Amino acid sequence: LESVIVPTTPFDDQKPGTSGLRKKVKVFMQKNYTENFVQCILDALGEKLKGSTLVVGGDGRYFSKPAINTIIRIASANEVSKLIIGQLGILSTPAVSALIRQEKVLGGIVLTASHNPGGIRNDFGIKYNIENGGPAPDQITNTIYELTKKITQYKTTPSLETDRIIDVLGTRTFNVEGRTFTVEIIDSSKEYVALMKNIFDFHKLRALIRGTDKRPAFHILLDSMNGVTGVYVRNIFVEELGASPDNNVRRVVPLDNFGEIHPDPNLTYAKDLVNALKADSSYDFGAAFDGDGDRNMILGKNAFFVTPSDSLAVLANNLECIPYFKKNGINGFARSMPTAAAVDRVAAKLGKEIFEVPTGWKYFGNLMDAGRLSLCGEESFGTGSNHIREKDGLWAVLAWLSIIEHKNMGVEDILKEHWKLYGRNYFTRYDYEECETESANQLMQHLEALIADGSFVGKSFCSGGKSYTVAKADNFSYVDPIDNSVANNQGIRILFDDGSRLIYRLSGTGSSGATIRIYIECYEKEDVLTDAQIMLKPLVNIGLEISQLKKFTGREEPTVIT
Ligand code: VG1
Ligand code: CO
């Protein structure tokens, strides 16, 4: 087969965000748009590209198939020697990470916009993951972006027949310009399931879910939200662990538009699951996942909500009951900056290192590779460990169930015991989605100016009978302890003298307008059983007052509260 060079012109909007390039499907459908970005990813790999193998797959959302065909043709022309692709293009984000590591390949191209809605009117996304299985660090995504601004041509093999190629398992080879080019279509879940079996004790988990003569079945309800995890949930929970396909799982068939829902596991977008648990108190546990399977939400009986920050702390405190950690030991812990500091207390008690990194999973990778980090998480429903280099929704659920089995306690009791021991970091996040970009930027500039004023530190703010005094304010920047790379402007932090925090940042995953996030946290040693929204109300009011959010955006209420 012959490769050809196609002239093209740059697009000016191909800057990858927090986790890859995410745009409306119709943007990716523009002539040469996807081709340009794929060519720039490959060009950014430099000398390593020739003869390399890459993993390709994603959450199966609309436009995945044409995008994969484009990747096959462009990769073949650029002297990639092999692509390993999930059947029908399906691979969860954690599965891609696991495959890159197991197969020891150069990297992977992940086709997903994660928790963003899918379908022809919604979002598509492309993300590159590096050799360690993790999202490409800033230095690589910046290189890709620079290339997209000056691309003049891409290489492709138009005569390579891609029709239905991803439908059938097996290996096919092509002769492209005298070189052998291989496409291997693999089972989407086989290797990932094997990995989970290695990490967890499936016998114990099966006994928990099925029940034994000593203990009734622990009744779970898992919601895949029509995303990619359906495939993995069926294989792991139904086939391996004996869960009921009718009563223990829901929405487990991946749909390319996620059934027109927002596949984001939180109290707003996974309301269906919350309601199902509230309606049927025989359920002991609920969990939901996002479109690409890296996020998780954990619920207990009657939909008792576990904040992701607390989830991380509880896991940190109980890891040793999981065989993987028994075997490999437990290095440090880490969280993203806006994530509540509950895990810091566990680290202090257990004498482990704790790291605070910017938002985005890519910042955990170096620490894991250096053997300094075993468990980490983000407030945005992301939890994971050093078994791979992405957050992992199913892993989190298996970890929770392992702890429940080990302690023989329900979710709520585990949380209450934890808070009694450590106190409670109350946390909430207010999201204002699709604000005007201009007004969102003005709000951030206003905050910058405010904290730059020397008199801001020491100021007190009062609301609802509570008073908070500013101890420190900055725009978070991070120096990676392993390679000393620097990430600036990662969010405005206002730290109060009692440990409470207000954090403001703009989202880097949206596809239209700007999303303002306000993260609100306070700590209570004794009063650990109050409703979080009530406890945090005074601080929320202060946060709105300081930012003058209403003035800048005209918004009365947030779009989502988590
Ligand atoms: C959001 C979250 C962040 C997460 C990122 C990717 O980013 O806040 O914690 O890592 O999404 O998650 P942002 O920039 O919109 O706040 V996902 O499941 O896309 O892979
Ligand atoms: Co995701």
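All of the numbers you see were taken from the coordinates with simple rules; none came from a lab. In this text, all values refer to a predicted model and were calculated from it rather than measured experimentally. So basically every Cβ, Gly included, is an ideal-geometry build from the backbone, and we count neighbours across all protein chains shown.
Between residue 327 and residue 184, the FRET efficiency estimated from the beta carbon spacing at R0 = 25 angstrom works out to 0.25. Directionally averaged projected area (the stretch 129-219, Cα convex hull): 11.3 nm². Rg to Rh for the chain: what is it, with Cα atoms only and Rh by Kirkwood? Answer for the chain: 0.97.
Taken about its Cα centre, the stretch 368-517 carries a charge dipole of roughly 540 debye when the Cβ of each Lys and Arg holds +1 and the Cβ of each Asp and Glu holds -1. In loop segments of the stretch 467-562 as defined by DSSP, the GluC sites (Glu not before Pro) with at most 11 further C-beta atoms inside 10 Å of their C-beta are 526, 556. Fewest neighbouring Cβ atoms within 10 Å first, the residues 361, 395, 419 line up as 419, 361, 395. Under Stokes-Einstein, with the Kirkwood radius over Cα pairs as Rh, the value for the stretch 419-464 at 25 °C and 0.890 mPa s is 172 µm²/s.
Is the stretch 329-384 rounded, prolate or oblate when judged by the Cα gyration tensor, a ≥ b ≥ c being the square roots of its eigenvalues, rounded requiring a/c under 1.5 and prolate requiring a/b larger than b/c? Since a/c reaches 1.5 but b/c is at least a/b, the shape of the stretch 329-384 is classed as oblate. The magnitude of the dipole of the stretch 271-416, with charges of +1 and -1 set on the Cβ of Lys/Arg and Asp/Glu and taken from the Cα centre, is near 360 debye. Sequence-ordered 3J(HN,Hα) estimates for the stretch 406-411 from the Karplus curve with 6.51, -1.76 and 1.60 and θ = phi - 60° stand at 5, 7, 6, 9, x, 4 Hz, glycine and proline given as x.
Hey, for a label at residue 279 modelled as a point 7 Å past Cα toward Cβ, could you say which residues of the stretch 217-236 have their backbone N under 15 Å away? Under 15 Å, as judged by backbone N against the label point of residue 279, lie 221-223 of the stretch 217-236.
Annotation: the residues 112, 509, 182, sorted from fewest to most other C-beta atoms within 10 Å of their own C-beta, follow the order 182, 509, 112.
With runs of 4+ DSSP H residues as the only contributors, calculate the mean residue ellipticity of the chain at 222 nm using -39,500 (n - 2.57) per run, divided by the residue total and rounded to the nearest 500. Numbers along the way, then the final one.
Values: 18 runs with 179 residues, N = 562.
My calculation for the chain gives -9500 deg cm²/dmol from helical runs alone.
Dividing the convex hull volume of the alpha-carbon atoms in the stretch 23-91 by its residue count gives 81 Å³ per residue. Charged side chains reduced to their Cβ positions (Lys and Arg at +1, Asp and Glu at -1) give the chain a dipole of some 460 debye around its Cα centre. Residue order for 406, 262, fewest other beta carbons within 10 angstrom first, comes to 406, 262. Taking a label point 7 Å from the Cα of residue 477 along the Cα→Cβ vector, which residues of the stretch 6-21 have an amide N closer than 12 Å to it? Taking a point 7 Å out along Cα→Cβ of residue 477, no residue of the stretch 6-21 has its backbone N under 12 Å. Each peptide among 153-162, 71-80 gets the average number of other Cβ atoms lying within 10 Å of its residues, and from highest to lowest they stand as 71-80, 153-162. For the chain, what is the relative contact order in percent, using Cα pairs closer than 8 Å and at least 6 residues apart in sequence? Once divided by the residue count of the chain, the mean separation gives 13 percent. Packing order of peptides 82-93, 280-291, highest average first: 82-93, 280-291 (average count of other Cβ atoms within 10 Å over each peptide's residues). Our note on the geometry: Cα centres of the stretch 1-26 and the stretch 27-95, 11 Å apart. Taking amide H positions as modeled 1.01 Å from N, with prolines and chain starts lacking one, the residues under 5 Å from residue 500 and 5 or more places away or on another chain are 523. Mean separation of Cα pairs under 8 Å and 6 or more residues apart, divided by the residue count, gives the stretch 450-562 a relative contact order of 18 percent.
For the stretch 315-437, lysine pairs separated by 8 or more sequence positions, or belonging to different chains, with Cα-Cα distances below 19 Å total 9. Projected label points at residue 434 and residue 412, each 7 Å from Cα along the beta carbon direction, are separated by 3.7 nanometres. Kirkwood radius, the stretch 176-223, all distinct C-alpha pairs, inverse of mean reciprocal distance: 14.4 Å. Residue by residue, the stretch 274-290 carries 3J(HN,Hα) couplings of 4, 5, 4, 6, 5, 6, 10, 7, 6, 6, 8, 7, x, 8, 10, 10, 8 Hz when phi is fed to the Karplus relation 6.51 cos²θ - 1.76 cosθ + 1.60 (θ = phi - 60°); x denotes Gly or Pro. When each of the peptides 297-303, 451-457 is scored by how many other beta carbons lie within 10 Å of its residues on average, the order from highest to lowest is 297-303, 451-457. State log₁₀ I(q)/I(0) for the stretch 142-183 at q = 0.15, 0.19, 0.22 Å⁻¹ as given by the Debye formula over alpha-carbon point scatterers of equal weight, solvent excluded. For the requested q values the scattering log ratios are -0.61, -0.76, -0.81.
Averaging the sequence gap over all C-alpha pairs within less than 8 Å and six or more residues apart, then dividing by the number of residues, gives the stretch 217-315 a relative contact order of 31 percent.
Residues whose amide H lies under 5 Å from that of residue 354, counting only those 5 or more places away or on a different chain, are 333; hydrogens are built 1.01 Å from N in the peptide plane. Listed by chain and number, the lysines placed with their C-alpha closer than 25 angstrom to that of residue 150 are 15, 23, 24, 26, 31, 48, 50, 127; residues fewer than eight positions away on the same chain are left out. Relative to the compact-globule estimate of 2.2 N^0.38 Å, the Cα radius of gyration of the stretch 476-562 comes out at 1.28. Between the residues 182, 313, 506, the greatest Cα displacement towards the positive end of the dipole of the chain, with unit charges on the Cβ of Lys, Arg, Asp and Glu, is found for 182. In plain terms, the bigger the Kirkwood radius, the slower the diffusion; for the stretch 381-497, with that radius from Cα pairs, at 25 °C and 0.890 mPa s, Stokes-Einstein puts D at 131 µm²/s.
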